[in-house]
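The values are calculated or read from the model by the stated rules, or taken from the named source; none is laboratory data. Computed from a predicted model, the values in this text were never measured in an experiment. Note that each Cβ is placed from the backbone with ideal geometry, even for glycine, and that neighbours are counted across all protein chains shown. Each accessible area value is taken on the protein alone, full model and side chains, heavy atoms only, with ligands, DNA and RNA left out. Shrake-Rupley method; radii C 1.70, N 1.55, O 1.52, S 1.80 Å.
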Amino acid sequence: NLRNMKIFKENESILREDVRDIYLEIGGTLKVIEGSSFLISGGVGFIGSYFMDLLKFCNDNIFMESVTAICVDNFVTGVPERIGHIRHNENFMFLNADISKPIEIDYDIDYIINAASIASPSYYRKYPIETLETNVLGLKNLIELGMKKNIKSFLNLSSSEIYGDPDESHIPTGEDYNGNVSCTGPRACYDESKRLGETMVVNYYKEYKVPIKSARPFNVYGPGLMLNDKRVIPDFFNDAIHKRKIQILSDGTPTRSFCYISDAVKGFMLVLLSEFDGEAFNIGNDRTEISMKGLAELIAGIVGNVAIEYKKSKEKDYLTDNPQRRCPDLSKAKSYLNYYPKVELEAGLGRLYQWYKQESNI
């Protein structure tokens, strides 16, 4: 709608700065994709849209021969206005389709990035079957499309949720941890379908040598994460910006390690363009693990004049199987990919607050 178009136009400067920062970190690595073609599923979503912006930035500022990209999205959770500035760009094509159904593409494809998923717990608990189908059937359809197109590389965005609720001896959590996950609980539709997705990745690589890799994002946040997303950071900001008390829907002790979007996308591209087919990499920020109480206090301090209260969620399964701690061991990504996150939590939250202020016209 017109209001959302105005919001995203005003916020483009923040998004451009994030994308520029990604390029400044890994620009040399990106040179290999010049003139190539991409398919990005979920390209209108929070993470997928940053890939689209990065490719546009490279076309506009770096590449002599433009990258082309096909964005496949069914617009169920994505916000079309987020990519309004590239909807009519000649190098980008938008296909309204559900990846859980077979997809036919008549164009050449060099790289596939699978960023399509229902990632917010409130939404995947509400739509469990759609979540399963997207994460399993959708991934399978894209892999088989990639095989037909003889792609150069495929990035599957998995999730740190595949680890479930690790015990204390596995915090920070490395890629070799097999997980502590319920296969029948209210989060299982997401957790277990992401685990099965990684099983497909490994076996399609072993059987058919598909050049595919998985990245396991750890709690990515940043501009583009809408206030109604129902994940904890937008929830806290939504309360604070509207001068309500920040509601903590637990006892405040669970911890998370949050990764700013530019650091995350940098890591994802390093995985995609690496030679480590069949492998999985944690991508996140290992510098700060913060409790929900600490996060609420930090956001309250950034916004100012905001109180905090403890409440019980109206969703009966809100805390069921909720991990108590979440912190990545990034040793593998640092060693294999030279991946180091840069953005500190307070700085990242400050940038997100600036974006939200513009969105809310305050």
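Data for the structure
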{"quantity": "Computed lengthening from Leu95 to Leu137, 0.36 nm per intervening residue step minus Cα-Cα distance", "calculated": "13.3 nm"}
{"quantity": "Qualifying lysines (Cα of each under 16 Å from Cα of Lys314; at least 8 residues distant if same chain)", "calculated": "Lys126, Lys230"}
{"quantity": "Amide hydrogen neighbours beyond the local backbone of Ile70, cut-off 5 Å, H modeled", "calculated": "Phe38, Leu39, Ile40, Met93"}
{"quantity": "Per-residue ³J(HN,Hα) for the stretch 98-105, Karplus 6.51 cos²θ - 1.76 cosθ + 1.60, θ = phi - 60°, Hz, x for Gly and Pro", "calculated": "9, 5, 6, 9, x, 10, 10, 10"}
{"quantity": "Relative contact order (%) - criterion: Cα under 8 Å, at least six apart; region: the chain", "calculated": "17"}
{"quantity": "Cα-projected label distance for Lys206 with Glu17, points at 7 Å along beta-carbon direction, nm", "calculated": "4.7"}
{"quantity": "Phi to ³J(HN,Hα) by Karplus 6.51 cos²θ - 1.76 cosθ + 1.60 over the stretch 154-165, Hz, x for Gly, Pro", "calculated": "9, 10, 9, 7, 8, 6, 5, 5, 5, 7, x, 10"}
{"quantity": "Computed label-point distance, nm, for sites Thr320 and Ala347 using a 7 Å Cα→Cβ extension", "calculated": "4.1"}
{"quantity": "Karplus-derived 3J(HN,Hα), 6.51/-1.76/1.60, for each residue of the stretch 182-187, Hz, glycine and proline x", "calculated": "7, 9, 10, x, x, 9"}
{"quantity": "Kirkwood estimate for the chain, i.e. one over the average of 1/r between Cα atoms, Å", "calculated": "20.6"}
{"quantity": "The chain - percent of accessible surface contributed by carbon and sulfur, probe 1.4 Å", "calculated": "48"}
{"quantity": "Computed E for Ser335/Asn178 - FRET, C-beta separation, R0 25 angstrom, nearest 0.05", "calculated": "0.75"}
{"quantity": "Alpha-carbon centroids, the stretch 157-181 and the stretch 289-362: separation in whole Å", "calculated": "19"}
{"quantity": "For the chain, the longest site-free run once GluC sites (Glu not before Pro) in DSSP loop states with at most 13 other Cβ atoms within 10 Å are removed", "calculated": "105-274"}
{"quantity": "Förster radius 22 Å - calculated FRET efficiency between Asn305 and Phe75 (Cβ-Cβ, nearest 0.05)", "calculated": "0.05"}
{"quantity": "Scattering curve values for the stretch 130-283, log₁₀ I(q)/I(0), Debye with Cα scatterers, q = 0.09, 0.16, 0.20 Å⁻¹", "calculated": "-0.34, -1.00, -1.38"}
{"quantity": "Average accessible surface area per residue within the chain, 1.4 Å rolling probe, Å²", "calculated": "43"}
{"quantity": "Area accessible to solvent at Met292, 1.4 Å probe radius, in Å²", "calculated": "20"}
{"quantity": "Interchain or long-range residues, amide H under 5 Å from Asn219's placed H", "calculated": "Ser160"}
{"quantity": "Selected from Val201, Val44, Val79 as most flexible by GNM, with the chain as the system and alpha-carbon contacts under 10 Å", "calculated": "Val79"}
{"quantity": "Three-way shape call for the stretch 1-124 based on the alpha-carbon gyration tensor, with the a/c threshold at 1.5", "calculated": "oblate"}
